[in-house]
Structure formats: structure tokens, C-alpha cells
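Notes follow the structure.
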Amino acid sequence: MNMGIPEQQFMKMTPDPSADKKTRWKEQFQKHGEMVAALVAGVLILIGWGLSIVMSGPVINILFIAAFVIGGFAKAKEGIEETIKDKTLNVELLMFLAAIGAAIIGYWLEGAVLIFIFALSGALETYTMNKSKNELSALMSLQPETARVLRNGKEESILAKDLEIGDTILVKPGELIPADGVVVKGKTSVNESAITGESMPVGKKEHEEVLASTVNLDGVVHVKVSKTNENTLFQKIITLVQNAQEEKPPAHLFIERLENAYVMVVLIGSGLMMFLPHYLFGWSWNETIYRALVLLVVASPCALVASTMPAVLSAISNGSRQGVLFKGGVHLEGLAKLSAIAFDKTGTLTIGKPEVTNIVARDGWDQDKILQIAVSIEHYSNHPLASAIIRRAKKAEIPLLEAEDIKDVPGWGIEGTVNGVRYQIGKADFVGKEAAKEFLTTTPLEAIGKTIVFVKKDREIIGALALRDIVRSDAKEAISAINAAGIDTFMLTGDSEETAREIAHEIDVKQYKAECLPDEKLEEIKKLTKKYRWVAMVGDGTNDTPALAMANVGIAMGAGTDAALETADVVIMKNDLRQIPNTIRLSKRMNRIVKQNMVFSVAVIVVLIAANFMQDLSLPLGVIGHEGSTILVIMNGLRLLRG
């Protein structure tokens, strides 16, 4: 009994007795090895320092040498390998040389402390990266490994990655759905929270789509696979997270380009300092060499190098927990620069499907009767407006009447016979413009920004239904927060001027452009970019992709089309527009912390170098000041892990 846990997840949670223990041990060592090595080195240094107070001899130096090897091996190996591979100098090599130099002139304790603090800062940086990768591991754990495929009337168990388009799979209650597809048999409810953020189970019946890695709750269904494993929405989410973790922001790329030249300058400067002060200032040879080693330590850009990536990875991890995925740190960094945001309307600011907002009836008729006649006939139509009328009738528990002689007139309306009476349902042109105008004159109906469907009996209009694409519940709050942040808001929509004006007024979008084709949305983004420099576009449809690509930052809704998800730089997986102002605040906070780190690390280097030239800085204080600043900037970046 797995207590309702999906079978694949339950299998993963159950220990495999035949698993290779060495492999598991190796994985744990790779995960925690750096921190363990740093802490062991620290313990050896403490023991050596304690013994040095009461005794002297080779035992103490052996302890310090052990601390050198255990704490510094990983970083020294990394530095040497990168130098050979990239033919560039790096911070790791600089620290390795400084520690060796300290040991050569007899400062074993100081050299060992340098190695320990450097190893500890490296372990903290690795922890940050692992924390970010945990978001990906959590996603990967939701990926089903196997699927039951039905072939030639038989059930076979195969790897989910081997499913092909057109395969029919069997999914039982409590199991993860292995692939994107369409239900062809059975009905159930599905938990889609991991993908869409929808907290309530979603009912699924024949001809409705299901997503890979969502949980089938209570029914046995047959699903026809519509996408291969690498093209599922879930797999695309994983790819987004992977790309975000690997892509480096401009600030970090600048520091990396600077690192090689800077390290070369430090090495040359330290080399010159080994003899020039002796001749220029009369320093003793011992003092000259000592000061050169201190310079080698304090001038190293460790803190500067660590100023960006821990903060960026922490911010990306924070965003992932909130359902916001970034395709790289550069896009997260860019959000803080936005001066304007343009929104698509349908499916972005609105829910993307019409709802019945008003029903009116001629004297002698009531609203429920009008709705009953309308739904009894519209029940035979697949039009989105018909679906809205059906949803309204179901909600009101209106029973269907028997309808006959149904005639659907695409683009105009539908007609049919109910209880021997002929009815027409559709737009004004279908039932008669003059009759529709006369009806609205005598029966007031708030029609601004709405689509009106008239119900006509014989030659008389007896009622009308007003429908509109409903604004998302979170849209007004999100727009208000963005406006309050000093960012101008725009709406670009293909809808009519009247509808666009009504929606813009309702949610307080500052400006709008109606009746926009995809290429016109693109041109509008170009104009906004010229005026505001940094502009974001938020959309969900294929028609939004040119504008998403042109904007400085393209933001897609998680329920959007594949094309929108692939084109966008940021994806709001839970379709909550309030995450946009939240993410902008996260971006500004991240940029602020990165700037704090860079200014602080440079200031520490300048102060330490100046103190060294004034002969007021000892090697132990130089080690603590320099490596301590590295740990501080990493810890400052880790603050972004909090909400």
C-alpha cells in the first residue's frame, strides 16, 4: 500500500537492495565532499594550533601539511586543470601559489588557514549551485520512467522515453501520466498542480488533453500520445531550468574576462615586490618577500569572482519555487531595467474563453427560459460561444429540452425546433439588424465590450445573452503593482476598439492598441523599445511570438502555446500575473545585492593592499580579511533564497 503516492514515485522511494553502494557513496561524496574536506582541514588546523602552544616539532607541521592536502586538493586540481585547458590564469591557481609561498617562508599556520577559508568559500558556492539544481531534481523526480502501452490488444510495459506519437497508453488511478496526449477512453480527474499550478483537480473525459507528469487521481483512462517525450511541456520546463542554471549574466561574464588579466597583473606585481622595495625603500629581504606574499593573497579577486553567480543562482531558485522559470540570469537581470510592459489580451489579461455575463428577456419571458431554449439548441454546436452558454446553463442547473432540425450556419448562428417552435440564435445580422436594434432599445443591455447573441422565435426576438472574455482575477492587482512601480503598461490586442477600451479601463492599463495583427504587435514593440529602451512583452499565443522575440524580455504564460514557451525568456508557469511585479522586485533585489558584493569586494582589496604597502598588515590578517570577504559576499547572495 503506497498511501496514494503515484506508483512510479513509490518505486523510486523504495530502496533497491541490489543498488551499487559504491555509486551511492560516490554521489553523496560529490554532493558534500567539498564541505567535509574544508571542515576536516579546519579541525586539523585547530589541533595543530593548539599543540603549537604547548610544544614544537614535526608533528605540528605534518598536521598543517595534511590540512593543505585535504582542504586544498580539489581547488588546486581545478585551478591547474583549467589553466592547462583554457590556457588562462585563475583565482584557484593564485591561492595555491600563495599558500605554498607562505609555507616556504615558514608560515605554515597562515598558509593552512588560507587554504581552509578558500576551501570553505568554495564549498559555500557549491552549496548554492546544488540548491539551485535541487529545483531541477525535484522536477526530474516527477518524471515517469515507464508506461503501459496497448499494442495488438496486449498491454506492454516500456520506457516512457520510447513512446511514439499515436501510441495508446493505459493509466490507472494514482499513477503519473507518462506523456502528453488525448483521452480516447474513460474519464477521470487529474492533479495538474506540478505543471500549471492549478490547485483543484481537473476533470478529464474523452477528447480532452492531458499532460505528462500530472497525476491521474481516480479513473482508468486510455490516452493517445500526441507528443514524444522530448517535446512534452514537462520536458520543456526541465530544459528551461537547465538553461537558466548554465547561462551566466553579463556581470559575471565581464568578471570572467577580467580574471585572467587581473591574475597576471597580481603575479607580476607580487614578483616585482619581491625585490623592488628592498632597493627602493630599504626593506629587509625577509620583509620584502613577506609583503610580496601578502600582496599575492590580498590582491586575489576571490570575492569579486563570487559576487554574481551565487546571487543569480539563488534568485533563479527562488523564482522556480514561485513558478517562474528563467532561461538565464541575463533575463532575470534585465527585468530590473524595464520601463514599459506590453500585454496581449486574450489568454493573458483575460482567461481566454467567453463567459455569459448578462441575460435579458422580453416582457412575458424570463431569463431562465431564454437560457433553456438557447442551450437546448446550442448544445449541438462546437462554437466557443455555444460552449460558454452550455457552461452557464450547467452552473444554473437548467435542464435541456429536446431540439430537432438543427441547422448550423457557420459564422452567423444556429437554428432549431423546440416543442414545435422554430428558434434562431446568433448575431444581429442573423436574426435581423433592425429587429435586434429595436429589441435593445426596449430592453436595455450593457453591451460595451461584449458579444451579443440574440434568441429569435419565429419573427420576434424574445431575449439576448451578452458574452465577454472575463478578465483574470489577478490581472488588476498585477497591473496596479506594475503601475505603482513606475513602469508604463500597454495592451496589444486583435480585438475591437470597443472591447479593448473596456478591458483597458477595467484593469487600468495606461494605453492600448486594438485590432493588432501579429506583425503590427511586432511594430508596436519596436516603437516602444525606441521610446523606453527596455521593454517586456507578455503573451501566450503563437501570434504573440514575433513580439515576444523582439522585446528585451519576452514573458510567456505557462498555459500558452509551445511556440510562445520556446520564444519567451521567462515563463510564468502558474499563470499568475502577480508574479510579474514580484519577479521585477526579485530582479532589482538581486542586482542590488550583486552591486553591494562588487563594491564591497573591491573596497576590501584596495584597503588590504594599502595596509600591506604601509607594512601594517600581517599575513594572518590578510588571509582573514580577504577570504572572509569572499565568504561574506557568498552569504549575502544566499539571502536571495528567501522569499
Scanning region 397-419 residue by residue, the ones that are of a type in the set (Gly, Ala, Ser), over 14 Å from LYS456 (Cα atoms) and modelled with pLDDT of 90 or more total 1
Inspect region 576-585 for any residue being over 23 Å from SER480 (Cβ atoms), assigned to a helix (DSSP H, G or I) and not acidic (Asp, Glu) and give the result as yes or no.
no
Would you say PRO17 is surrounded by 16 or more Cβ atoms within 10 Å (Cβ to Cβ), at pLDDT below 55 and not polar (S, T, N, Q)?
no
So is GLU404 farther than 30 Å from ALA478 by Cβ, touching a strand residue (DSSP E or B) at 6+ places or on another chain (Cβ under 7 Å) and open to solvent by 90 Å² or more (accessible area, probe 1.4 Å) or not?
yes
Out of the residues in region 500-516 that are touching a helix residue (DSSP H, G or I) at 6+ places or on another chain (Cβ under 8 Å) and part of a helix (DSSP H, G or I), which is most open to solvent (accessible area, probe 1.4 Å)?
GLU506
Which of the residues that make up region 83-111 are open to solvent by 70 Å² or more (accessible area, probe 1.4 Å), part of a helix (DSSP H, G or I) and of a type in the set (D, E, K, R)?
LYS85, ASP86
A careful count of residues in region 520-573 that are open to solvent by 10 Å² or more (accessible area, probe 1.4 Å), part of a helix (DSSP H, G or I) and of a type in the set (Asp, Glu) gives 5
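Determine whether LYS588 is more than 20 Å from the chain's Cα centre (by Cα) and within 30 Å of THR489 (Cα to Cα).
no
Picking from ALA41, ALA37, ALA74, which residue would you name as being part of a helix (DSSP H, G or I), among the aliphatic types (A, V, I, L, M) and touching a Phe, Trp or Tyr at 6+ places or on another chain (Cβ under 7 Å)?
Matching residue, one of ALA41, ALA37, ALA74: ALA41.
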Looking only at helices (runs of 4 or more DSSP H) that fall completely inside region 420-499, which ones have 2 or more residues that are more than 19 Å from THR357 (Cα to Cα) and open to solvent by less than 60 Å² (accessible area, probe 1.4 Å)?
428-431, 475-484
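Table: residues versus (1) out of contact with any Phe, Trp or Tyr (no Cβ under 8 Å at 6 or more places or on another chain); (2) part of a helix (DSSP H, G or I); (3) of a type in the set (Gly, Ala, Ser); (4) within 21 Å of LEU295 (Cβ to Cβ).
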site: VAL604; (1), (2), (3), (4): yes, yes, no, yes
site: LEU608; (1), (2), (3), (4): yes, yes, no, yes
site: ALA611; (1), (2), (3), (4): yes, yes, yes, yes
site: LEU617; (1), (2), (3), (4): yes, no, no, yes
site: VAL623; (1), (2), (3), (4): yes, yes, no, yes
site: GLU627; (1), (2), (3), (4): no, yes, no, yes
site: THR630; (1), (2), (3), (4): no, yes, no, yes
site: MET635; (1), (2), (3), (4): yes, yes, no, no
site: ARG639; (1), (2), (3), (4): yes, yes, no, no
Elements of type strands (runs of 3 or more DSSP E) in region 303-391, at least 1 residues being among the aliphatic types (A, V, I, L, M), open to solvent by 30 Å² or more (accessible area, probe 1.4 Å) and modelled with pLDDT under 85:
350-361
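The values are calculated or read from the model by the stated rules, or taken from the named source; none is laboratory data. These numbers come from a predicted model, not from an experiment. All Cβ positions, glycine included, derive from the backbone under ideal geometry; neighbour counts span all protein chains shown. Accessible surface is based on the protein model in full, side chains and every heavy atom, while ligands, DNA and RNA are left aside. Shrake-Rupley method; radii C 1.70, N 1.55, O 1.52, S 1.80 Å.
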